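**Q** First the structure, then my questions, so here it is.
Throughout, read-outs are computed from the coordinates displayed, never taken from laboratory work. Bear in mind that the values here come from a model prediction, so they are computed numbers and not experimental data. Using ideal geometry, Cβ is built from the backbone for each residue, glycine included, and neighbour counts are taken over all protein chains shown.
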Amino acid sequence: MRLLLAICALVLLAAADSHAAHTIEGIVRAVYDGDTILLVTRESGRLKTRLYGIDAPETAKPDQPGQPFGQASRRMLQAKIMGKRVSAEVVDIDQYQRAVAVIRYAGRDINREMVAEGMAWAYRQYLQGPYASEYLQAEDRARARRAGLWRDSNPLPPWEFRSALKNGTRNIGRQR
């Protein structure tokens with residue numbers, strides 16, 4: 001099933017102009033965390049989608065702890081788009097075969113909103129083009145206001161949290 005979804009997503013991307021992303025519409029059926037959703041579309045059926053250009057605090061999993069603000073980030077994304085018809089500007093397929101997309105609802109860039117509200121970092125490693133300056137500025141403003149995860153004096157970015165988990169570091173996260 002995952003392979004079929006990946007093939008469908010790749011076909012969608014291949015059909016799109018090489019310089020433009022492909023936009024699909026669907027209904028959000030699940031929010032896994034602050035940067036990953038399940039989108040149900042006519043074109044692809046069920047499409048696990050990673051929000052482009054952001055990285056939200058990790059939520060607790062059965063085999064690993066979560067980060068501060070992980071659950072808050074998930075709840076914020078749920079409140080914004082759960083059960084709603086959104087558009088997804090698919091810009092890539094990631095290593096886990098998820099579509100990577102900018103999610104829009106009612107004309108709003110939900111990815112940028114998550115960063116602006118302090119519920120995610122701008123994911124510098126993957127940001128490109130016009131989104132880079134928008135998301136970085138949104139993060140700077142959230143940090144200056146001490147919004148969301150920026151209430152902590154020195155929040156640990158999710159990519160560092162994941163790296164520490166891989167390296168066997170213990171007691172690195174607590175759930176909020």
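**Q** Considering Cα pairs under 8 angstrom that are at least six residues apart, work out the relative contact order of the stretch 2-166 and quote it in whole percent. Intermediate results must be reported in sequence, preceding the final value.
**A** Working: 310 pairs, mean separation 37.1, N = 165.
Relative contact order here is 22 percent.
**Q** Could the peptides 92-105, 148-161 be put in order, highest first, of the mean number of other beta-carbon atoms found within 10 Å of their residues?
**A** On the way: 92-105: 18.1, 148-161: 16.4.
Per-residue mean Cβ counts within 10 Å order the peptides as 92-105, 148-161.
**Q** Can you list the lysines whose alpha carbon is less than 30 Å from that of Lys84, not counting same-chain residues fewer than 8 positions off?
**A** List returned: Lys48, Lys61.
**Q** For the stretch 2-166, what proportion of DSSP beta bridges, expressed in % and rounded to the nearest 5, is antiparallel? Could you put the intermediate results ahead of the total?
**A** Values: 29 of 32 bridges.
Of the beta bridges lying entirely in the stretch 2-166, close to 90 percent run antiparallel.
**Q** Explain nothing, just the number: dipole magnitude of the stretch 27-176 about its Cα centre with +1 on each Lys and Arg Cβ and -1 on each Asp and Glu Cβ, in debye rounded to the nearest 20. Present the calculation step by step, with values, prior to reporting the outcome.
**A** Details: 26 positive and 17 negative charges, 105 e Å.
Result for the stretch 27-176 is approximately 500 debye, rounded to the nearest 20.
**Q** Can you sort Val28, Val115 by how many other beta carbons sit within 10 Å, fewest first?
**A** On the way: Val28 23, Val115 29.
Lowest to highest Cβ neighbour count: Val28, Val115.
**Q** If each residue's Cβ is checked for other Cβ atoms within 10 Å, how do Ser133, Ser87 rank with the fewest at the top? Before the final figure, lay out each step's value.
**A** On the way: Ser133 11, Ser87 15.
Lowest to highest Cβ neighbour count: Ser133, Ser87.
**Q** If amide hydrogens are placed 1.01 Å from N in the peptide plane, which non-local residues have theirs closer than 5 Å to the one on Tyr123?
**A** The answer is Ile54, Asp55.
**Q** If I stretch the segment between Leu156 and Ser133 completely, what's the gain in nm (0.36 nm per residue apart, minus their alpha carbon distance), one decimal?
**A** Working: separation 23, 0.36 × 23 = 8.28 nm, distance 2.18 nm.
In short, 6.1 nm is gained.
**Q** Right, another one. So if each residue of separation counts as 0.36 nm, and I subtract the Cα-Cα distance between Ala106 and Gln64, what length gain in nm does that give?
**A** On the way: separation 42, 0.36 × 42 = 15.12 nm, distance 3.53 nm.
So the chain would gain 11.6 nm between Ala106 and Gln64.
**Q** If you find the alpha carbon centre of the stretch 82-102 and of the stretch 128-158, how far apart are they in angstrom?
**A** Result: 21 Å between the Cα centres.
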